[in-house]
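The values are calculated or read from the model by the stated rules, or taken from the named source; none is laboratory data. None of the values given here were measured: they were computed from a predicted structure. Using ideal geometry, Cβ is built from the backbone for each residue, glycine included, and neighbour counts are taken over all protein chains shown. Note: accessible area is taken over every heavy atom of the protein model, side chains too, but ligands, DNA and RNA are not part of it. Shrake-Rupley method; radii C 1.70, N 1.55, O 1.52, S 1.80 Å.
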Amino acid sequence: MTGIVHVIALAIFGLSSLLLIPILVALGQGEGGLAGIMLIFSTLGIFVSIVILAAIADLEYNLSRSLSFVSLLSLWLITSLVGAFSFMVFLNMPLGAAWFESVAALTTSGGSLISKSASSQTMLVWRACMEWYGGFLTLVSVLHILAPGEFGGLINTERSLRPKSGNKTWLPDSSGYQRLITEYVIITLLIAVGLMASGVTSLNSMMLSMVAIATGGFTPFEGALDENVGRFGQFVIIIGLLVGTLNIFWRRSIIRSPRTFLRKNVELNYILVALLVLSLVYGFRYASLAGSERSAENALLHILEGLFSATSLIATSGMETRPGAIAVLPDVLVLAVVLIGASIYSTTGGIKIYRIAMMAAHALRELKKLIHPTSVQNLRFGEVVIDEQKMAAIWSHFILSLILVGIGAFLISFFGFSFDAAATLAIALFSNAAPIYDALIPTLSEISLAEGVAWPSLSDGNTLSYIVFSALMLVGRLEVIAVFAVLNFRYWLNR
């Protein structure tokens, strides 16, 4: 249990330290009272974390495979509760709404109950910081726990989040994360500089860069994106979302030898093809809706907007250039893309293209065996051979995902949501793309044509509904099977 406490203390230390950014913003905005409250909250979190780390510094500890999964679930639950407490203190939010806000931020789902017009810039910065931190926690969780455990057929990276046995220092051990956090910070700063160069205000640039690299969907303003960041700013956000979408192991390889890398990497090719096709479909759709307003300039604008919408969907972000931009395509297509998601070892949600491609290859191989029963054919994903055990894990993950989305939609329907609304929200939350629900809300004319259609706003929920929403987001972020492994009570009773 000492190892679990070590991991949780590190996570709380990081979240509490991150509060220093909104504290500086509050001081710059002349909000001394809020800065003081945040400083107390941050100091308390850092102090408690350091005390815990100091208390267990002389203890021998190591995380076994089973306890590492417990530490993963505990990390996300406790960190989200600490984040919820911050919203309760800073914004006087009730517990249910505060926990939803915290989970939506940390899972990079992007849904929010905060009134952006009524909230201070400081609180919006804190909300964006939490989404950025959630993206980092996602990468750490996948790289060091989920992948080594090969959950859902993930490819083992041979890494571990196990703290060193007999660690004699009470200081947070960040040696395993230095390269990751350094790269994460540098990319965030580069995106922020690009946004500022496009004319976006410094605070909005900082917040949008944090959200983009985490492939989140939170925007720090009420108006449409194209009204606040401009065309070049949209292009910078596209780059940020794409970087967040790609496998973190690809970045240096793409720079060093792009031609060789593209030829060998199957998953990246799938993502690029999907992005190209979806961008063209969106672009043609925007052009057809524009009618007679056709020119070379408008064509470029349609292509840019189509690229933004396609990137946002594949990245499971849900950001739109303007209201209704995503909804120009059929809802079924939009939800299918979001549910699939993008690459493994990224901050995106969804089932992941890797699993869908392997299931398709496995199904095709089984069909070929009907004609050639004695044929032997290995399943490969690039240079990685996929054995039957891994395929069983992939199919289990897929089936469990669909079952949980169905259960989620069923539960959501009890809170006044119609079938379409409940299914849409369940997929959006599970895929960590909550803004998709708002993007697909029918227009008033469409609602008037159908009786009994109910698309409540997320802000209309109650404590019980927010618990269900938050559980869906957490399960989607934790790759489904990891949660079931922890909740295997028979295993724990028989230990």
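Here are the numbers:
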{"read-out": "Matching residues in region 305-332 - criterion: being open to solvent by 10 Å² or more (accessible area, probe 1.4 Å) and farther than 23 Å from Leu400 by Cβ", "value": "Glu305, Leu307, Glu320, Arg322, Pro323, Gly324, Ala327, Val328, Leu329, Pro330, Asp331"}
{"read-out": "Residue list for region 406-420, restricted to those being of a type outside the set (Ser, Thr, Tyr) and either crowded, with 17+ Cβ neighbours inside 10 Å or in contact (Cβ under 8 Å) with a residue 24 or more places away in the chain (or both)", "value": "Gly408, Ala409, Leu411, Ile412, Phe415, Gly416, Phe417, Asp420"}
{"read-out": "Residues that are surrounded by 14 or more Cβ atoms within 10 Å (Cβ to Cβ), aliphatic (A, V, I, L, M) and modelled with pLDDT of 85 or more, drawn from region 430-464", "value": "Ala433, Ala434, Ile436, Ala439, Leu440, Leu458"}
{"read-out": "Qualifying residue in region 333-352 (condition: surrounded by fewer than 16 Cβ atoms within 10 Å (Cβ to Cβ) and part of a loop (DSSP other than H, G, I, E, B))", "value": "no"}
{"read-out": "Within region 191-274, helices (runs of 4 or more DSSP H) holding 1 or more residues that are under 27 Å from Ser102 (Cα atoms), touching a Ser or Thr at 6+ places or on another chain (Cβ under 7 Å) and modelled with pLDDT under 90", "value": "225-245"}
{"read-out": "Subset of region 353-374 [over 20 Å from Phe151 (Cα atoms) and open to solvent by 50 Å² or more (accessible area, probe 1.4 Å)]", "value": "Leu364, Glu366, Leu367, Lys368, Lys369, Leu370, Ile371, His372, Pro373, Thr374"}
{"read-out": "Matching residues, region 185-237, being open to solvent by less than 10 Å² (accessible area, probe 1.4 Å) and more than 23 Å from Thr122 (Cβ to Cβ)", "value": "Thr215, Gln234"}
{"read-out": "Only one of Ile403, Ile427 that is open to solvent by 20 Å² or more (accessible area, probe 1.4 Å), without any contact (Cβ under 8 Å) to a residue 40 or more places away in the chain, assigned to a helix (DSSP H, G or I) and among the β-branched types (Val, Ile, Thr)", "value": "Ile403"}
